[in-house]
Amino acid sequence: MLKQALKPYKWYVLGSVFMVVVIVSSALLQPSYLSDVLAAVMENDQEKIASIGVWLVGIAGAGLLAGVVNTVLAAKIAQGVSADLREATFRKIQTFSYANVEEFNAGNLVVRMTNDITQIQNLMMMLFQVLLRLPILFIGAFVLAVRTLPSLWWVLVLMVLAIGGLMAAIMGRLGPRFGLFQTLMDKINAIAKENLRGVRVVKSFVQEKAQYAKFKEVSNDLLELNLFIGYGFSIMMPAVTFIAYMATFLSIYMVSQLVETEPEAIGNIASFMTYMMQIMFSIMMVSFMGMQASRAFVSLNRIKEILDTDPAMDFVEGGLEDLEGSLVFDHVTFTYPHDTDPTLKDVSFEVKPGQMIGVVGATGSGESTLAQLIPRLFDPQEGSISIGGRNLKEVSQATLRQSVSIVLQKAILFSGTIADNLRQGKSGADLSTMERAAAIAQAQEFIDRMSDSYESQVEERGNNFSGGQKQRMSIARGVIGNPKILVLDDSTSALDAKSEKLVQEALNRELKGTTIVIIAQKISSVVKADKILVLDEGRLIGQGTHAELVATNDVYREIYETQKGRED
């Protein structure tokens, strides 16, 4: 996945690798020149000292310049890769069905597109700024240190083994914790998101303490996890420092024993100590970066999981087709993901073009589920659904979205303008088209009262509009494209009786050729429908006109008489 993500930035990658080689070469060359300087000082050779000084300045300058260029290139790679992955992830999520989104959870997907992408971005910066240079620095420093003082090779090996063993032990304990860290971040995000979205309910029922307790429980788990990781780092730093000091002491002691037999060792001890510190630095940084990288690789796998997930539904390729508004359910059985009992059981019915169909039933009977199957938000496990004589699985997505429009029970608006929201139903809709749709939905009267009319701002989730206004704008968005089939999933529940009646009259008048499916809790909303479907515990137990069902269907009659009694 990383290889594919880096492909568009291959020249930046090659440039960064070259800069890393320059940086490491500069760091490795300086100690050897330092030995030469010390030798020249002992010989009091001023000319040689000046010459070596110029080389040292030049090498340091080259390393500094390469470091600046490498930082710029690394930033371009990291920002580019993270932006590409973020866009690819969002684009992939747009192809997901409801089943896919429910499987991942909306809050989880948000964390993956934000926090996980940030972790990958940090990984890219670490990779091209630090991680690439560490293996080269380690090998180069080790070879040059042995070359400088060959008799002390065992001190280097001992130090490497001690630090490496310590790092491996601590990494073994901390590594698995990073996966748990992301899980807890998902939970915290979900709780915070749920609390903020339902803040009115929380305030209304004085549930602040309960919400705080729920948040605090997960927050404390995250705190304990972070403390555990912090304790690991707190042990690592002094332990590594202690090992380094012991190696330094041992090296100086051994050199002091070599002075009589190898006088040149005095001049090489400074270079040897520098190389030893570079070796120690390499091991430490590999461990530190490794822990950060392990967290980033967890995030990388979480993003890969999204990108590798196939949409639960596939649409056939093809252009727009003009389908009539007939609708057929043929022995349809549907079960939600992770559920065992079917929500709809062997449902069959037929609707002719232009008919108005009502769907009623007790709460939980599957009315909304039936509504969501018509625009193919889900696929049934058994049976088939057809529009215009064509099985939904044989219809292209463009044709289906043009032919079927659904107005959901919960009115969802997006931040922007009223016009932006209406054009989601028909891109490029002009003012007259929007006015016609708004008039049908009885939204014209409150839109006209607004100072900017259709350019008036809509806040996040339409919070600056009432429930009835949001429903009417949702209906306008649903009818603006003149669909062949319009599904209204209890989408007038927030309207008063007069407004609901005006909406239905406008639908009958303006959308005469459109098949209208109305999911309703109130019998009065469907009493004039050409056909009414009665659902009970997921089964279709009756269909016919209002008069026929009152006379022949016990469930329908009971619902009707109960509601009639309330109205009386």
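The values are calculated or read from the model by the stated rules, or taken from the named source; none is laboratory data. Nothing here was measured: the structure is a model prediction, and the numbers come from that model. With ideal geometry, Cβ positions are generated from the backbone for all residues, glycine too; neighbour counts draw on all protein chains shown. The protein model used for the area step is the full one, side chains on, heavy atoms only, and it has no ligands, DNA or RNA in it. Shrake-Rupley method; radii C 1.70, N 1.55, O 1.52, S 1.80 Å.
Condition test on ARG449, is it at positive phi and of a type in the set (D, E, K, R)?
no
If you check LEU422 against the conditions, is it on the phi < 0 side of the Ramachandran plot, open to solvent by less than 80 Å² (accessible area, probe 1.4 Å) and touching a Phe, Trp or Tyr at 6+ places or on another chain (Cβ under 6 Å)?
No; evaluated as a whole, the condition is false for this residue.
Report whether or not PHE414 is farther than 29 Å from VAL360 by Cβ and modelled with pLDDT under 90.
Here the answer is yes, as PHE414 does meet what is asked.
Of the residues ASP341, ASP379, ASP346, ASP330, which single one is modelled with pLDDT under 90 and open to solvent by 50 Å² or more (accessible area, probe 1.4 Å)?
On inspection, the qualifying residue turns out to be ASP341.
Could you tell me whether any residue of the range 172-180 is in contact with a Lys or Arg (Cβ under 6 Å, 6 or more places away or on another chain), modelled with pLDDT under 85 and either loosely packed, with under 12 Cβ neighbours inside 10 Å or not charged (D, E, K, R) (or both)?
yes
Hey, among the residues in the range 361-376 that are more than 17 Å from GLY542 (Cβ to Cβ) and of a type outside the set (A, V, I, L, M), which one's surrounded by the most Cβ atoms within 10 Å (Cβ to Cβ)?
That would be THR369.
Quick one: in the range 295-315, which of the residues that are part of a helix (DSSP H, G or I) and open to solvent by less than 30 Å² (accessible area, probe 1.4 Å) is modelled with the lowest pLDDT?
Per the criteria, the residue is ALA296.
State yes or no: is GLY358 open to solvent by less than 30 Å² (accessible area, probe 1.4 Å) and in contact with a Gly (Cβ under 9 Å, 6 or more places away or on another chain)?
So GLY358 fails the test.
Per-residue answers, yes or no, for (1) open to solvent by less than 30 Å² (accessible area, probe 1.4 Å); (2) more than 25 Å from ARG423 (Cβ to Cβ); (3) without any contact (Cβ under 8 Å) to a residue 40 or more places away in the chain:
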| position | (1), (2), (3) |
| --- | --- |
| GLY478 | yes, no, no |
| VAL487 | yes, no, no |
| LEU502 | no, no, no |
| LEU535 | yes, yes, no |
| ARG539 | no, yes, no |
| THR545 | no, yes, yes |
| GLU548 | no, yes, yes |
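Out of the residues in the range 487-511 meeting the condition of being of a type in the set (A, V, I, L, M) and touching a helix residue (DSSP H, G or I) at 6+ places or on another chain (Cβ under 6 Å), tell me which one is nearest to ALA437 (Cα to Cα).
ALA506
Check ILE188, ILE120 and return the single one that is within 36 Å of the chain's Cα centre (by Cα), surrounded by fewer than 18 Cβ atoms within 10 Å (Cβ to Cβ) and within 30 Å of PHE90 (Cα to Cα).
Answer to the check: ILE188.
Would you please list the contacts, defined by Cβ atoms under 9 Å and residues six or more apart or on different chains, that run from a residue in the range 226-254 that is within 20 Å of ARG295 (Cβ to Cβ) and open to solvent by 50 Å² or more (accessible area, probe 1.4 Å) to a residue that is modelled with pLDDT under 80 and aromatic (Phe, Trp, Tyr)?
ASN226/PHE181; PHE233/PHE288
With TRP11, TRP55 as the choices, which residue is surrounded by fewer than 17 Cβ atoms within 10 Å (Cβ to Cβ), at pLDDT below 85 and either not hydroxyl-bearing (Ser, Thr, Tyr) or not in a helix (DSSP H, G or I) (or both)?
Only one candidate passes the filter, namely TRP55.
Go over the candidates GLY318, GLY325 one by one and state the one that is outside any helix (DSSP H, G or I), more than 30 Å from MET125 (Cα to Cα) and at pLDDT 85 or above.
GLY325
Suppose the filter is in contact with a Phe, Trp or Tyr (Cβ under 8 Å, 6 or more places away or on another chain) and not acidic (Asp, Glu); does MET473 pass it?
It is true that MET473 is in contact with a Phe, Trp or Tyr (Cβ under 8 Å, 6 or more places away or on another chain) and not acidic (Asp, Glu).
Among (1) in a helix (DSSP H, G or I); (2) open to solvent by 70 Å² or more (accessible area, probe 1.4 Å), where does LYS528 come up short?
(1)
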